[in-house]
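Engineer: This is the structure I have questions about; it appears just below.
The values are calculated or read from the model by the stated rules, or taken from the named source; none is laboratory data. Predicted model, so just to flag it, every value in this text is computed and none were measured. Here Cβ is always computed from backbone atoms with ideal geometry, including for glycine, and neighbour counts include all displayed protein chains. Keep in mind that these areas ignore ligands, DNA and RNA; they rest on the heavy atoms of the full protein, side chains included. Shrake-Rupley method; radii C 1.70, N 1.55, O 1.52, S 1.80 Å.
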Amino acid sequence: MIKEKKQIVFNVQKNVNPHFKDVWRSKKPYNILKGGRNSFKSSVIALKLVFMMVLYIMAGKKANVVVLRKVGSTIRDSVYNKVQWAIKLLGLTKSFKSTVSPFKLTHKKTGSTFYFYGLDQFVKLKSNDIDDLIAVWYEEAAEFETEEEFDQTNITFMRQKHEAAPFVQFFWSYNPPRNPYHWINEWADRMIGVEDYLVHESSYLDDTLGFITDQMLKDINRIKNNDYDYYRYIYLGEPVGLGTNVYNMNLFKELEELPSDDRIIGLYYSTDGGHSQSATTHGCYGLTAKGKVILLNTYYYSPAGKVDKKAPSELSKELNEFITKTATQDYWQGARIMNRTIDSAEGALRNQYYKDYRQHLTPVNKKKKVDMIDYPTDLLAQGRFYYLKNPYPTGMDHADSNEIFIEEHKKFSWNEKTVNSDNPQVIEEDDHTCDQFIYLCLSNARDFRLKV
């Protein structure tokens, strides 16, 4: 029972699934929560952290909490909103002041504060003495590079412990990576049974309070039927392994023509730039009103074996021609160009294109290859990716065929020598359309409703 101007009752039994009882009551300093999507582990942590802070507020004391993501740019749409949701659920929204520069949620009377940081802000973080600290939460902990990153920041926070707290309580939450040999999978397994550590597993199947809606369950079952291994990985939180082939080619759906009951509402372009021997490829994709992503046309130029190779100025001209001709076709008249994505390592073409047309190409924010591949895998497993068997012609050389896109994806495979390692690699041979498809999904994850 919390008194904040008026009496508010928070019923734990109605808001926290019984499966999380050990987490809610945990007195251990270190708490690792791993599980599948829609397991509500992050919601439980957010509620627990707010509840912990409220106990200090009721006693008239100031208490602080730090919430961390690997990259600061992801804070607003994830942990910041999640903690605001928890504060609202406890009926305390009017008692907290919210700011976004920097991200903070501050209790007006006591000054108790939730601080939100990206580890890319670590230098700033180290110089910022927060004090009165009761808890730290690492959300999406699998995004961090090594457990040493935790160790370095943990020491910083331990020194700032609240005088009334027995210790700073740490929480980690993440979806286990597909690769069983990923460092965080091995780290969590190693902590099972270790004193002072709680290792907790969960999935959507542990929901007994009815938080999973029929709509959510329908989406889950669609992925379960399309790609069972991916379902086990995403929703059950199982490290299912990588296999040999990167993708299930049955999920690349061929179209003879555009669907008559749907329309393209946005156009997206993606580029993987080549050099003296490697190909340059562009993809033109359409997003439909019903959420389908359709490969409309592919440009593919390979300089291999050619004495006279195209210069960046020529490639820039052809990219502009490809965009102009595909964007103005009558089949998707009125659809806007939403994004033009390019490999962040491809500076020559990007700079040349801006010089020629004063148009920025968006460099993709790369991750490890194994993590980037999760984005197109998610799109495919949802059954929403299609390609035109015969693209509507532009008349350009090196375009008007999607065949090489499909052929390269059929051959796209993991290097077996690296599969049983923390950093598995793909065989980088004839994979240029594969890379530009990955960049497309990574750069436009929000528009495509990808939640990896």
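Engineer: With a 1.4 Å probe and every protein chain left in place, work out the accessible area per residue of the chain in Å², rounded to a whole number. Could you put the intermediate results ahead of the total?
Structural biologist: Working: 21370 Å² over 452 residues.
On a per-residue basis, the chain sits at 47 Å².
Engineer: Another question, if that's okay. Restricting things to alpha carbons, find the Rg to Rh ratio for region 262-302 using the Kirkwood radius for Rh.
Structural biologist: Rg/Rh for region 262-302 comes to 1.15.
Engineer: How large is the direction-averaged shadow of the alpha-carbon convex hull of region 209-340, in nm²?
Structural biologist: For region 209-340, the mean projected area of the Cα convex hull comes to 12.0 nm².
Engineer: Just check region 1-121 against the gyration tensor rule for me: Cα atoms, a ≥ b ≥ c as the square roots of the eigenvalues, rounded for a/c under 1.5, and otherwise prolate or oblate depending on whether a/b exceeds b/c.
Structural biologist: Here region 1-121 falls in the oblate category.
Engineer: Taking square-rooted eigenvalues a ≥ b ≥ c of the alpha carbon gyration tensor, is region 128-191 rounded, prolate or oblate, where a/c under 1.5 means rounded and, failing that, a/b exceeding b/c means prolate? Intermediate values should be presented prior to the final figure.
Structural biologist: Values: a/c = 2.73, a/b = 2.41, b/c = 1.13.
Prolate is the answer for region 128-191, as a/c is 1.5 or above and a/b outweighs b/c.
Engineer: Show the residues, 5+ positions off or on another chain, whose built amide H is closer than 5 Å to the amide H of residue 169.
Structural biologist: Amide H neighbours of residue 169: 135, 136.
Engineer: Can you give the calculated 222 nm mean residue ellipticity of the chain, where each DSSP H run of n ≥ 4 adds -39,500 (n - 2.57) and the sum is split over every residue, rounded to the nearest 500 deg cm²/dmol?
Structural biologist: Details: 16 runs with 146 residues, N = 452.
That comes out to -9000 deg cm²/dmol.
Engineer: Can you list the DSSP H helices in the chain whose Cα atoms extend at least 20 Å along the helix axis and whose mean Kyte-Doolittle hydropathy is 1.6 or higher?
Structural biologist: 41-58
Engineer: Which shape class applies to region 307-401: rounded if a/c is under 1.5, otherwise prolate when a/b exceeds b/c and oblate if not, where a ≥ b ≥ c are the square roots of the Cα gyration tensor eigenvalues?
Structural biologist: Details: a/c = 1.69, a/b = 1.12, b/c = 1.50.
Oblate, since a/c reaches 1.5 and b/c is not below a/b.
Engineer: What is the local net charge at residue 403, summed over the other residues whose Cβ is closer than 15 Å to its Cβ (Lys, Arg +1; Asp, Glu -1)? If you can, show how the numbers build up before the last one.
Structural biologist: Numbers: positive: 389, 410, 411; negative: 254, 256, 400, 407, 408, 430.
Here the count lands on -3.
Engineer: Restricting to DSSP loop positions (anything but H, G, I, E, B) with no more than 14 other Cβ atoms inside 10 Å of their own Cβ, which GluC sites (Glu not before Pro) remain in region 384-449?
Structural biologist: Answer in residue order: 428, 429.
Engineer: Below 8 Å between Cα atoms, with a sequence gap of 6+, how large is the relative contact order for the chain in percent?
Structural biologist: 16 percent
Engineer: Still on this structure: Please list, by residue number, every one of the trypsin sites (Lys or Arg not before Pro) in region 335-405 that is coil in DSSP and has at most 13 other beta-carbon atoms within 10 Å. Spell out each step's value before the answer.
Structural biologist: Details: sites: 336, 340, 350, 355, 358, 366, 367, 368, 369, 384, 389; in loops: 358, 366, 367, 368, 384, 389.
Answer in residue order: 358, 389.
Engineer: Taking just the C-alpha trace of region 300-345, give me its Rg and Dmax in Å.
Structural biologist: For region 300-345, the Cα-based Rg and Dmax read 13.8, 41 Å.
Engineer: Report Rg/Rh for region 220-275, rounded to two decimals, where Rg is the Cα radius of gyration and Rh the Kirkwood radius. Walk me through the numbers on the way to the answer.
Structural biologist: On the way: Rg = 16.2 Å, Rh = 14.9 Å.
My calculation puts Rg/Rh at 1.09.
Engineer: Calculate I(q)/I(0) for the chain by the Debye formula, one identical point scatterer on each C-alpha and no solvent, and give its log10 at q = 0.07 Å⁻¹ to two decimals.
Structural biologist: Log10 I(q)/I(0), no solvent term: -0.42.
Engineer: Using the Kirkwood radius built from alpha carbon pairs, what does the Stokes-Einstein equation give as D for region 336-448 at 37 °C and 0.692 mPa s, in µm² per second?
Structural biologist: Stokes-Einstein gives a translational diffusion coefficient of 206 µm²/s.
Engineer: If I take every Cα pair under 8 Å that is 6 or more residues apart in region 119-225, average their sequence separation and divide by the length, what percent do I get for the relative contact order? Each step should come with its number before you reach the end.
Structural biologist: On the way: 75 pairs, mean separation 27.0, N = 107.
Relative contact order for region 119-225 comes out at 25 percent.
Engineer: Next up: Give the carbon-plus-sulfur fraction of the accessible surface of the chain in %, rounded to a whole number; probe 1.4 Å, heavy atoms of protein chains only.
Structural biologist: Accessible surface attributable to carbon and sulfur in the chain totals 46 percent.
Engineer: May I ask what percent, to the nearest 5, of DSSP beta bridges between residues of the chain are antiparallel?
Structural biologist: Percentage antiparallel, nearest 5: 40.
Engineer: Right, next: In vacuo Debye scattering of region 375-432, one point per C-alpha: log10 I(q)/I(0) at q = 0.14, 0.19 Å⁻¹?
Structural biologist: Values, matching the q order: -0.57, -0.88.
Engineer: Something else about it: For region 206-306, run through the GluC sites (Glu not before Pro) and keep only the ones in DSSP coil with at most 12 other Cβ atoms within 10 Å of their Cβ.
Structural biologist: Those that pass, being in a loop and sparsely packed, are 256, 257.
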